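Working notes for the structure below.
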Amino acid sequence: MPDAAYFHIPFCVNICHYCDFNKVFLKGQPVNEYLDYMEKEMKNTLKQSPFSSMKTLFVGGGTPTALDYEQFERFLNMVNQYFSSSDRQEFTVESNPEQTDLRKLEIMRDAGVNRLSIGVQAFQDNLLKELGRTHNQQDVVRTVSEAKGLGLDNISLDIMFGLPRQTVEMLKETLDIAFSLEVPHFSAYSLQLERKTVFYNRAAKGELLLPEQEEEARMYEVLMEEMDKHGYVQYEISNFAKRGYESRHNLQYWDNNEYYGIGAGAHSYVHGTRNANAGPLKKYMSLIDETGFPYIHKDVLSSSEKMEEELFMGLRKMKGVSDQRFMERYGLSMFDVFGSQIDKLLERGLVKRSGDMLALTRNGTFLGNEVFQEFIGVV
Amino acid sequence: MNREQKLERQSRIRNFSIIAHIDHGKSTLADRILEKTGALTQREMKEQLLDSMDLERERGITIKLNAVQLNYKAKDGETYIFHLIDTPGHVDFTYEVSRSLAACEGALLIVDAAQGIEAQTLANVYLALENDLEILPVINKIDLPSAEPERVRNEVEEVIGLDASEAVLASAKAGIGIEEILEQVVEKVPAPAGDPDAPLQALIFDSLYDPYRGVVTYIRVTEGTVKVGDKIRMMATQKEFEVVELGVFTPKAVNKDFLTVGDVGYLAAAIKNVGDTQVGDTITSAVKPAAEPLPGYRKMNPMVYCGLYPVDNAKYNDLREALERLVLNDSALQYEPETSQALGFGYRCGFLGLLHMEIIQERIEREFNIDLIATAPSVIYNVAMTDGEQVIVDNPANMPEAQLIQTVEEPYVKATIMTPNDYVGTIMEICQKKRGIFQTMDYLENNRVNVLYEIPLSEIVYDFFDQLKSSTKGYASLDYELIGYKPSKLVKMDILLNGEKIDALSVIVHKDFAYERGKVVVEKLKELIPRQQFEVPIQASIGQKIIARSNIKALRKNVLAKCYGGDISRKRKLLEKQKEGKKRMKTIGRVEVPQEAFMAVLRMDND
């Protein structure tokens, strides 16, 4: 039974050059109608699979803050109406600095939002422009200080590396400015070229100057060093936090727990089934009209798939995967189920074992996919 | 049917094939003929129907033979029985051409009205002439803006020496001249000679294996008559069988009670053992056998060898079965077991040429679902040892130590290259680079030149044809035939990965070109072999001497540092894809090597 929920707002004022999440240009979209359908989906979903506890909520996009004040308020109230729970721990909203003004921050605070995830990416305005972002350094500084002023101080900043024409020095500069803002959490993502993005097409034409693998690895290394120096603990491949400020919602994914996913293009994992919602708005809405649910894909996981996912998701966490928990969940030891794979990885120096925990080594952190793929399709 | 009826029917039979250079429109013409004779309704027409293999349609080439029976109502009011036997156009399949020509009395020679005669056209015409066939020139694609039918007509007369005054001007694509072609077939191609009551002589020109019917042979009856239930004998193997099924293709298979003189069709006789029938053998009656078998036809020997290994060692037996099946109707293919330290168990296979090799590889991968690693093709070297022994080497890895070798001889071919005048310089440059020895040069009609070179076959096996095509914008055409062996200064070049010699990557190279080639190969491998967890040195060596080196950098970062939200399936797919890529690689020592790397020693496109 899930005790986490994700909500997707697929609208954007402008589209970033690297983004392949489900999104549409805001202009001319039936936003209010979409919110009506989200409400239908919430209602139907909870009627079919109710929860008894709801610990973490996360609103992502697209751009949640692209909604106008009224829509934004209505939406957050809706979430509160359907997903309220006395044991709630975390309610995060992704915020774009240029659209997050004081009033939106107040709306969030009043709705019980207690964590902001702000898309920063970099602090060089020309690099931001290259990424197709429309905010600047000043917008970030303002948003952070206004949020703190309202008592919203659990803030995470998203940083990117491995960007076109980005250098190690530029990353360091971004980190220095970021540290000066004194927020308790960072997510640092490396650029992935995904199909149907501006960057992918530019790269296909040979027009995208990306850092060499050595350079990108160096950036990752610098990132880890700097975070450590400033007291942020790396608790996952891309996530760093002051003690106690780890993202509880994201940990649900890595702990292989269940979660609801509401909205166009959202994914959910409920009662052992992974569902994918339709992405295009029309399809999303018509499916709800026809069947009550927007699913375009359903995948009932076998226990072997669950065991594989336990490892390839769980090993993303720096503390690793606990065999005791594995045994509680599957009745088997992971060292029996994946004995030969684990031995091979131990020998390659990519994972380490201490007691009943299996975790990535430092080298394994750089080569995570080499580790994760060992656990695919083996049981 | 009595004797008179049989003879009357025989007088209305015309057997012919179509010979043409690749792309000159052979398959399209075959389709038009099928359409015109009503063999197929419009709805049944698939583009280029006779090319039935997926591979043939994709590549736009004919590989296997096909024979169809068609009825044509001629202008003289009679209905004629045509057997159209399709032939491949590529130099590698000369062998198949000669088989189909042996079953015909005539041939349509298709020449592109814009391109004119090509090297391979010439080779096939000579084959047809050897077989005493009546040749009917057809100048095709006259609707092209660049068509010059009169120039091409002159070329046919001057270069080949055929009377082209009655050559049909046609466009198979536009349906022009088709009827005229068919009328000429009636008038000019002789009816089959032969006696329906004589002892049976039927030539097997192809065969295939059917799990239910056993070996099905494709035959052309030259003398006598064969009926269902007859006892027959294979003249080469002396095996006897009872005929279970006879028929013709229209192009659908249609059963017949008998086949007689001039008929081209199929025969099934519950032949379970593939070895009992040989393509080229003559079938006769076991009761009243013919005295002599029919003359066979030019038997081709493999010119190019390579090792084929399953990526998954467990598929070794599947590979053997695949080769057994393929060799059934491709007797030019040869194979024998071989072991490589790097690749495990596989087969050394012999092919007629590079295209033949590629086709076989692709058929094994597709039709039999076996992922293959092919080593770089090699020719056969004759090695004289210092102790007087003669050794034949078809695998570079088996080349003896240099100090034990007296001389090495390698096969040379006579290469005939036809090209527009403008490219002669370029072509001579390429030939020179490929160690070619200039022979002669003839100027043909209108700015076209026929250049003759003697070139080591191993150079042709490298990327000669590709280079020729790319540096002449595809205008030059090539034909070659083996002329014998000549001594050369050849050495074995080994490739070492991570300090380990990889036998499957060894090649024989000319001493003077070894350094250059070593450099190219090493760089090529660096590109093709993905980064590994550790740095991998690549070296090329001759004996103990390292002649080129490079390094594959270590894999520094491969981790998805991105937020996929709850889309775990997507993450899984990405990892599956990475893992799938690895499965197609061969682990040698600690290095994972992709399939393409084994062919890399062949390609020299950095020239």
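The values are calculated or read from the model by the stated rules, or taken from the named source; none is laboratory data. Note that the structure is predicted; figures quoted are calculated from it, not measured. Here the Cβ positions follow ideal geometry from the backbone for every residue, glycine too, while neighbour counts run over all protein chains shown.
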Residue within region A:103-115 that is in contact (Cβ under 8 Å) with a residue 60 or more places away in the chain and not acidic (Asp, Glu) present: yes
Positions within region B:564-589 being among the hydrophobic types (A, V, I, L, M, F, W, C), crowded, with 19+ Cβ neighbours inside 10 Å and either facing chain A (nearest Cβ under 7 Å) or in a helix (DSSP H, G or I) (or both), in sequence order: B:Ile568, B:Leu575
Subset tally (residues that are crowded, with 17+ Cβ neighbours inside 10 Å and either part of a loop (DSSP other than H, G, I, E, B) or aromatic (Phe, Trp, Tyr) (or both)) for region B:445-457: 2
Criterion violated by A:Pro10 - all others in (1) within 14 Å of chain B (Cβ to nearest Cβ); (2) out of contact with any Gly (no Cβ under 6 Å at 6 or more places or on another chain) satisfied: (2)
Positions within region A:225-266 being more than 10 Å from every other protein chain (Cβ to nearest Cβ), of a type in the set (Val, Ile, Thr) and more than 28 Å from A:Phe51 (Cα to Cα), in sequence order: A:Val233
Checklist (1) away from chain B (no Cβ under 14 Å); (2) farther than 25 Å from A:Asn256 by Cα; (3) out of contact with any helix residue (DSSP H, G or I) (no Cβ under 6 Å at 6 or more places or on another chain) applied to A:Lys23, failing item: (1)
Identity of the residue in region B:471-485, out of contact with any Lys or Arg (no Cβ under 7 Å at 6 or more places or on another chain) and of a type in the set (Ser, Thr, Tyr), that ends up farthest from B:Val449 (Cα to Cα): B:Tyr485
Residue list for region B:501-555, restricted to those being in contact (Cβ under 8 Å) with a residue 24 or more places away in the chain, acidic (Asp, Glu) and closer than 30 Å to B:Thr407 by Cβ: B:Asp503
The listed residue being crowded, with 17+ Cβ neighbours inside 10 Å, aliphatic (A, V, I, L, M) and assigned by TED's automatic domain parsing to the domain that holds A:Phe179, out of A:Met227, A:Met307: A:Met227
Residue list for region A:361-379, filter: farther than 29 Å from A:Met219 by Cβ and within 11 Å of chain B (Cβ to nearest Cβ): A:Gly377, A:Val378
Residue within region A:278-289 that is closer than 18 Å to A:Pro2 by Cα, within 13 Å of chain B (Cβ to nearest Cβ) and within 22 Å of the chain's Cα centre (by Cα) present: no
For B:Glu292: the one exception among (1) surrounded by fewer than 19 Cβ atoms within 10 Å (Cβ to Cβ); (2) within 30 Å of B:Ile588 (Cβ to Cβ); (3) among the acidic types (Asp, Glu): (2)
Meets criteria (more than 14 Å from chain B (Cβ to nearest Cβ) and buried (at least 16 other Cβ atoms within 10 Å of the Cβ)) for A:Gly320: yes
Some residue of region B:494-515 being among the small types (Gly, Ala, Ser) and either in the same structural domain as B:Val111 (by TED's automatic domain parsing) or part of a helix (DSSP H, G or I) (or both): yes
From A:Phe326, A:Phe335, residue being among the aromatic types (Phe, Trp, Tyr) and surrounded by 21 or more Cβ atoms within 10 Å (Cβ to Cβ): A:Phe326
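One line per residue, one yes/no per condition, for (1) at pLDDT 95 or above; (2) in a loop (DSSP other than H, G, I, E, B); (3) under 20 Å from the mean Cα position of the chain (by Cα); (4) surrounded by 17 or more Cβ atoms within 10 Å (Cβ to Cβ):
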| site | (1), (2), (3), (4) |
| --- | --- |
| A:Thr134 | no, yes, no, no |
| A:Val141 | yes, no, no, no |
| A:Ser145 | yes, no, no, no |
| A:Met160 | yes, no, yes, yes |
| A:Arg165 | no, yes, no, no |
| A:Glu173 | yes, no, no, no |
| A:Ala178 | yes, no, yes, yes |
| A:Ser187 | yes, no, yes, yes |
Any chance B:Ala202 is farther than 30 Å from B:Ala270 by Cβ and at pLDDT 90 or above: no
Members of region A:290-304 found to be surrounded by 14 or more Cβ atoms within 10 Å (Cβ to Cβ) and within 14 Å of another protein chain (Cβ to nearest Cβ), listed by number: A:Tyr295, A:Ile296, A:Asp299, A:Leu301
Some residue of region A:34-44 being part of a loop (DSSP other than H, G, I, E, B) and assigned by TED's automatic domain parsing to the domain that holds A:Gly132: no
Index of the failed condition, B:Ala561 passing every other in (1) in contact with a strand residue (DSSP E or B) (Cβ under 7 Å, 6 or more places away or on another chain); (2) assigned to a strand (DSSP E or B); (3) without any contact (Cβ under 8 Å) to a residue 24 or more places away in the chain: (2)
Output for region A:83-99, where each listed residue is in contact with a Lys or Arg (Cβ under 9 Å, 6 or more places away or on another chain) and more than 24 Å from A:Lys55 (Cα to Cα): A:Asn96, A:Pro97, A:Glu98
Residue under evaluation B:Ala415, criteria (1) free of Cβ contacts under 8 Å to residues at least 40 places away in the same chain; (2) under 30 Å from B:Ser470 (Cα atoms), criterion not met: (1)
Matching entry among A:Gly265, A:Gly364, A:Gly292, A:Gly279 (being outside the structural domain of A:Gln48 (by TED's automatic domain parsing) and farther than 20 Å from B:Leu574 by Cβ): A:Gly292
Residue list for region B:527-558, filter: in a loop (DSSP other than H, G, I, E, B) and either of a type in the set (A, V, I, L, M, F, W, C) or within 14 Å of chain A (Cβ to nearest Cβ) (or both): B:Ile529, B:Pro530, B:Arg531, B:Gln533, B:Phe534, B:Glu535, B:Lys553, B:Leu555, B:Arg556, B:Lys557, B:Asn558
Subset of region A:330-360 that is away from every other protein chain (no Cβ under 12 Å) and within 25 Å of the chain's Cα centre (by Cα) - its residue that is farthest from A:Ser190 (Cα to Cα): A:Met357
All positions within region B:225-241 that are closer than 28 Å to B:Glu4 by Cβ and touching a Gly at 6+ places or on another chain (Cβ under 8 Å): none
Condition met for B:Gln334 (outside the structural domain of B:Gly589 (by TED's automatic domain parsing) and closer than 17 Å to B:Met599 by Cα): no
Meets criteria (under 17 Å from B:Ala504 (Cβ atoms), in contact (Cβ under 8 Å) with a residue 12 or more places away in the chain, touching a Pro at 6+ places or on another chain (Cβ under 9 Å) and among the aromatic types (Phe, Trp, Tyr)) for B:Tyr335: no
